[in-house]
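Working notes, beginning with the structure itself.
The values are calculated or read from the model by the stated rules, or taken from the named source; none is laboratory data. Keep in mind that what you see is a predicted model, and the values were worked out from it rather than measured. When we count neighbours, we look across all protein chains shown, and the Cβ atoms used for this are built from the backbone with ideal geometry, even at glycine. Remember, those area values only see protein heavy atoms, side chains included, never the ligands or the DNA or RNA. Shrake-Rupley method; radii C 1.70, N 1.55, O 1.52, S 1.80 Å.
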Amino acid sequence: MCARDIRRALQQAKFVDAQGHEVRAKHALRVVGEQLELPMIVYLDPRTAKPDLMEEAFRQSLDAIKNDVKRHAIEKHSYDLNKIYNATLPMFDYDFNRFAEEAKMTGEYDDNYEPDDLPTPELTKK
């Protein structure tokens with residue numbers, strides 16, 4: 001089993017909490033220390049992890065989401081500025097509070113997205 005398969009298995013491990021929500025059993029925490037040349041990833045179990053470690057794991061996860069939003073905004077803006085079809089795409093709403101509140105009430109989310117499973121688009125020369 002390669003490291004990517006292990007990572008995927010840890011990310012997909014779940015349990016049902018006391019409220020009946022299916023949640024991840026392992027959360028990645030990236031650890032970078034002064035003596036570590038490369039970052040190390042440890043996986044925390046939210047049922048036993050200390051609050052400070054879980055807070056950091058959730059903060060790192062939120063930072064990754066923020067970076068995805070920044071990338072999305074830059075790419076959409078670039079498309080609008082460099083359009084070849086003389087069209088401007090509509091603005092996207094980046095306020096995710098409504099989705100977070102809804103998810104907390106229902107306990108439901110789609111965890112099927114696997115970036116590694118998406119095809120790599122072929123670039124064509126023009």
Every residue from region 86-111 that is β-branched (Val, Ile, Thr) and either in a loop (DSSP other than H, G, I, E, B) or more than 24 Å from HIS27 (Cβ to Cβ) (or both): THR88
Determine, yes or no, whether LYS83 is farther than 21 Å from LYS14 by Cα and outside any helix (DSSP H, G or I). yes
For residues that are surrounded by 10 or more Cβ atoms within 10 Å (Cβ to Cβ), modelled with pLDDT of 90 or more, of a type in the set (D, E, K, R) and out of contact with any Ser or Thr (no Cβ under 7 Å at 6 or more places or on another chain), tally how many sit in region 76-100. 1
Residues (more than 17 Å from the chain's Cα centre (by Cα) and surrounded by 10 or more Cβ atoms within 10 Å (Cβ to Cβ)) located in region 47-74: ALA49, LEU53, ILE74
Quickly run through region 7-41 and pick out the residues that are open to solvent by less than 80 Å² (accessible area, probe 1.4 Å), farther than 29 Å from THR106 by Cα and modelled with pLDDT of 90 or more. VAL31
